[in-house]
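Taking it in order: structure first as structure tokens, then the write-up.
The values are calculated or read from the model by the stated rules, or taken from the named source; none is laboratory data. Worth saying up front: this structure is predicted, and the values here are computed from it rather than measured. Here the Cβ is made from the backbone with ideal geometry for all residues, glycine too, and neighbour counts use every protein chain on show. Side chains are part of the model used for accessible areas, which takes the heavy atoms of the whole protein and leaves out ligands, DNA and RNA. Shrake-Rupley method; radii C 1.70, N 1.55, O 1.52, S 1.80 Å.
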Amino acid sequence: MIEVLRPSAGCGRAPTVDTMNSVPSGEVVEKAVLLAGRAPSLHNSQPWLWVFEGGTLQLFAVRERSLPNTDAGGRQLVLGCGISLGHLCAALAASGWRTSIDRLPDPNRRDHLATVRFAPARIVTDADLDRAAAIPRRHTDRLPFAAPANWDDFEAVLRSIIDPADAVLDVLPEDSRPALARASQLTADLRRYDAGYQAELQWWTGHVIGSTGVPADALTSAEEQVRVPVGRALPATTGAPRRSEQPADRSTLLALSTETDDTAEVLRCGTALSTVLLECTAAGYSTCPLTHVIEYPRSRAIVADLLGAARQPQVLVRVGTAPDDRDEPAPTPRLPLSEILRFTAPPP
């Protein structure tokens, strides 16, 4: 478990960094990258690599961890890297460092997604600490949810902290559920005959390979999948159904969209998704990102029609309330630090 410092009292604390130093220590960088590595990604493929070059952190996409049949255009790979980037910034903020991001800094290297620079923070707020503390608690919950309590007030706060330059946040109305269920079923029907997709699905789900993949205990039974009709069709497990008190999913459905599918915009959307997931977790909600309805043009068009604007939907998120007495799942395995962080010079 990664520890995040908490303030003893008040609405914030002074940072503990050496303000004469413009670069965080190697220990701070390592802890931040470990937290960034807790970001969700397509089938837990973790397609990111961080390189610390003295004064900056460089983010690279690792194409060898992509799923070309599931994510032919690479949008979900970039989206996952964007979530990791958002998590990194949240972790550094809690450690007393503000960040500035230069996206796609090298036009000759398409896998070089971002350069992160640092500056000492004047204060670390409770919000900074809460967001970082939410990182190890957040997990993708594929079971049905109850409706999120006090949603209207939380939605107002969430909208105020999502930068519209990163993504547009829409809360989909209740009557959109049938259309979203149809888009989800259409995707499943089309994928049924896609041998390449099915091979990737069987490879990446139901077991762990080298600290990647979706473990069996994170999957759901066929009966549980029926109660979440907007969910991705994953290999079903056996066993007694869980959350029988929740006969149908009553989550609130969010959509994040961008003007185009340009890499820089999808990367920004991932950063916005990081904020959504961490703020929801800090508020006590459970979440489940959904990208399968974006993978096929026909199902994606259904989602776009629901938004009622000329935008490109990138991801949906189910947000709801899970039972307080639920058994917390074991953390999904993550790649070791040695596989996601490199130092080009000795750390400070």
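Taking the Cα centre of the range 201-348 as reference, the dipole from Cβ charges on Lys and Arg (+1) and Asp and Glu (-1) amounts to some 180 debye.
In the chain, taking the dipole from charged Cβ atoms about the Cα centre, the farthest positive-side position among Gly320, Pro24, Pro148 is held by Pro24.
Taking the helices alone, the chain has a mean residue ellipticity at 222 nm of -10000 deg cm²/dmol, built from -39,500 (n - 2.57) per DSSP H run of at least 4 residues and averaged over all its residues.
Where a ≥ b ≥ c are the square roots of the eigenvalues of the C-alpha gyration tensor, would you call the range 40-192 rounded, which needs a/c under 1.5, or, failing that, prolate if a/b is larger than b/c, or oblate? Oblate, since a/c reaches 1.5 and b/c is not below a/b. With contacts taken as Cα pairs under 8 Å at a separation of at least 6 residues, the range 66-220 carries a relative contact order of 18 percent. When you restrict to C-alpha pairs under 8 Å that are six or more residues apart and normalise by the size of the chain, the relative contact order lands at 26 percent.
The share of accessible area on the chain that comes from carbon and sulfur is 53 percent, using a 1.4 angstrom probe. Per-peptide packing, taken as the mean over residues of other Cβ atoms within 10 Å, places 292-299, 174-181, 118-125 in the sequence 292-299, 118-125, 174-181 from highest down.
Protection proxy ranking of 301-310, 91-100, by the mean of other Cβ atoms within 10 Å over each peptide's residues and highest first, is 91-100, 301-310. Annotation: per residue accessible area for the range 213-348 equals 43 Å², rounded to a whole number [probe 1.4 Å, protein chains only]. Averaging sequence separations of C-alpha pairs under 8 Å and six or more residues apart, then dividing by the length of the range 19-144, give the relative contact order as a whole percent. Averaging sequence separation for qualifying contacts and normalising by length gives 29 percent for the range 19-144.
Rounded to the nearest 20, the size of the Cβ-charge dipole of the range 248-292 about its Cα centre is 240 debye, with Lys and Arg at +1 and Asp and Glu at -1. For the range 138-221, the pair-distance distribution built from all alpha carbon pairs, in bins 5 Å wide starting at 0, is 3, 9, 11, 16, 18, 16, 16, 9, 2, 0 percent. Protection proxy ranking for 335-342, 221-228, using the average of other Cβ atoms within 10 Å per residue and placing the highest first: 221-228, 335-342. Would you be so kind as to identify which of Ala188, Ala133, Val214 lies farthest towards the positive end of the dipole of the range 98-250, taking Lys and Arg as +1 and Asp and Glu as -1 on Cβ and the Cα centre as origin? Farthest towards the positive pole: Val214. Distance distribution note for the chain: the fraction of Cα pairs above 36 angstrom is 17%. Think of each Lys and Arg Cβ as +1 and each Asp and Glu Cβ as -1; about the Cα centre, that makes the dipole of the chain roughly 380 debye. In plain terms, if you count all Cα to Cα distances in the range 270-336 and split them into 10 Å steps from zero, the share in each step is 17, 37, 32, 14, 0 percent. Every pair of different Cα atoms in the range 190-289 enters the Kirkwood calculation, which places the hydrodynamic radius at 16.2 Å.
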